[in-house]
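Only one structure is covered here, and it is reproduced in the block below.
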Amino acid sequence: MITTRSEQLFRKAKTLIPGGVNSPVRAFAAVGGRPFFVERAGGPWLIDADGNRYLDYVCSWGPGILGHAHPKVIEAVRQTCEKGLTFGTPTAGEVELAELICTCVPNVEMVRLVSSGTEAVMSAVRVARGYTGRDKIIKFAGNYHGHSDGLLVKAGSGLMTQSVPDSAGVPAGYAAGTLTAVYNDAESVRRLLEENRGQVAAVVVEPVAANMGVVPPKDGFLQFLRDIASEHGALLIFDEVITGFRLALGGATEYTGVAADLYTFGKIVGGGMPLAAYGGRRDIMSSVAPLGPVYQAGTLSGNPVAVTAGITTLKILMEDTEIYERIDRRAAKLEAAFRQTGLSVNRAGSLLSAFFTPGRVTNYEDACRCDRAAFAHYFNRMLERGIYVAPSQFEAMFVSDAHSDELIDKTCEAIRESVES
């Protein structure tokens, strides 16, 4: 496989951009290689600067549930671009997208649009603090909620890949208000709430963890969080930047039957454009300015181009009711292929991870025991076969509606060959 142009671009990028990339995991440092630079994409395929084609299971880290460059989304975005890229004033599209989110997701009555998942979670936490008048929050080791200062404590995803437990540049005072519990361990949550009675504003959780690899909640764990948060007067925040509109049209609440007080959405909700949202109960969201005292603003929030991509994507998901059945079924085939190799596998809907460890992975410590060298070997063998999976043991594998049954079968064969090698 010729990669000359990508290698040239990476060398130049490293002189201009920290590490040559604009998000750390893209550097391929964890898998011992150099990144390829994408020129274009379509359906389930990425084409790099050298003309190589890759079957893509990263899907831009989640947004590509329909595949790349879906014709209806592209055409809608093109028409919107002709009218202007940004206005700084309200548009009808913002209202329509907010209504679609509220229609799809149980317990979401009001929504505020923002530009990134990090911004959405940061804002939701601020709302929880403003609404409750409390300062502390509880998060879970290995759950990643973006790179805002107060949440870079025992975060997963890229921080695990880089072996950096926390980020430099975060003042101790920011982290002091963040209490860390063990995912899937009810007693660790109970203990923190008891020790900090009356001080915890919110429990924030990935309802299905997807940043230490995919780790589903144990039976009853989310309902426990719902009950104990209410008991202590704290809000429950579901960070659905990844799981929103991925597990089901109604996200984790439809998938698990447990409702949160506040939700954050990203990735799919923007249809591939930089857009995110936070929302929840009307009484809580009424705390946000200009209705209430919790301030949050953004020049590009509700950008008309991004809003159009989000509206079009959600409408396609609403109209084709069989999409979720198709992608879940295809993900189950991949899961079976991994299991045949003896690997530990977790799956939730169309999200899955194979862990290079013999035991089950139910929390952050379990994930940390994975054989990263073995994963790197597997990653590179898959890439040689033209299949792109996440360049990190601690990221999810995403299945899109563009992955045909035939492509899934070929991927299963490549999985068996790559792992066994």
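The values are calculated or read from the model by the stated rules, or taken from the named source; none is laboratory data. Here the structure is a predicted model, which is why all the values come from computation and not from measurement. Cβ sites come from the backbone with ideal geometry, for glycine too, and all protein chains shown count toward neighbours. Ligands, DNA and RNA are stripped out before the accessible areas are found, and what is left, the full protein with its side chains, is counted by its heavy atoms. Shrake-Rupley method; radii C 1.70, N 1.55, O 1.52, S 1.80 Å.
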Filtering the stretch 15-35 down to residues that are closer than 17 Å to Ala49 by Cα and either assigned to a helix (DSSP H, G or I) or free of Cβ contacts under 8 Å to residues at least 40 places away in the same chain (or both) yields Gly20, Val21, Arg26, Ala27, Arg34
Looking for something over 24 Å from the mean Cα position of the chain (by Cα) and modelled with pLDDT of 95 or more - is there at least one such residue anywhere in the stretch 53-61? yes
Among the residues of the stretch 347-392, the number that are part of a loop (DSSP other than H, G, I, E, B) and of a type in the set (Lys, Arg) is 3
Exactly one of Phe338, Phe379, Phe398, Phe375 is over 29 Å from Thr313 (Cβ atoms), at pLDDT 95 or above, among the hydrophobic types (A, V, I, L, M, F, W, C) and touching a helix residue (DSSP H, G or I) at 6+ places or on another chain (Cβ under 8 Å), and that residue is Phe375
Subset of the stretch 37-74, residues without any contact (Cβ under 8 Å) to a residue 40 or more places away in the chain and either open to solvent by 70 Å² or more (accessible area, probe 1.4 Å) or of a type in the set (Phe, Trp, Tyr) (or both), comes to Phe37, Val38, Glu39, Arg40, Trp45, Pro71, Ile74
- Message: Tell me whether the stretch 231-251 contains one or more residues that are in contact with a Phe, Trp or Tyr (Cβ under 6 Å, 6 or more places away or on another chain), among the hydrophobic types (A, V, I, L, M, F, W, C), modelled with pLDDT of 95 or more and in a loop (DSSP other than H, G, I, E, B).
- Response: yes
Across (1) of a type in the set (Ser, Thr, Tyr); (2) in contact with a Pro (Cβ under 9 Å, 6 or more places away or on another chain); (3) over 28 Å from Gly42 (Cα atoms), Ser404 clears everything bar (3)
Here the qualifying pairs (Cβ atoms under 9 Å; residues six or more apart or on different chains; first in the stretch 406-417 and over 14 Å from Ala331 (Cα atoms); second outside any helix (DSSP H, G or I) and open to solvent by less than 80 Å² (accessible area, probe 1.4 Å)) come out as Ala414/Leu55; Ala414/Gly386; Ala414/Ile387; Arg416/Thr341
**Asked** Is at least one residue of the stretch 360-368 within 16 Å of Glu420 (Cβ to Cβ) and either open to solvent by less than 20 Å² (accessible area, probe 1.4 Å) or not aliphatic (A, V, I, L, M) (or both)?
**Response** no
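Taking the stretch 110-151 only, how many residues are of a type in the set (Phe, Trp, Tyr) and open to solvent by 10 Å² or more (accessible area, probe 1.4 Å)?
Matching residues across the stretch 110-151 total 2.
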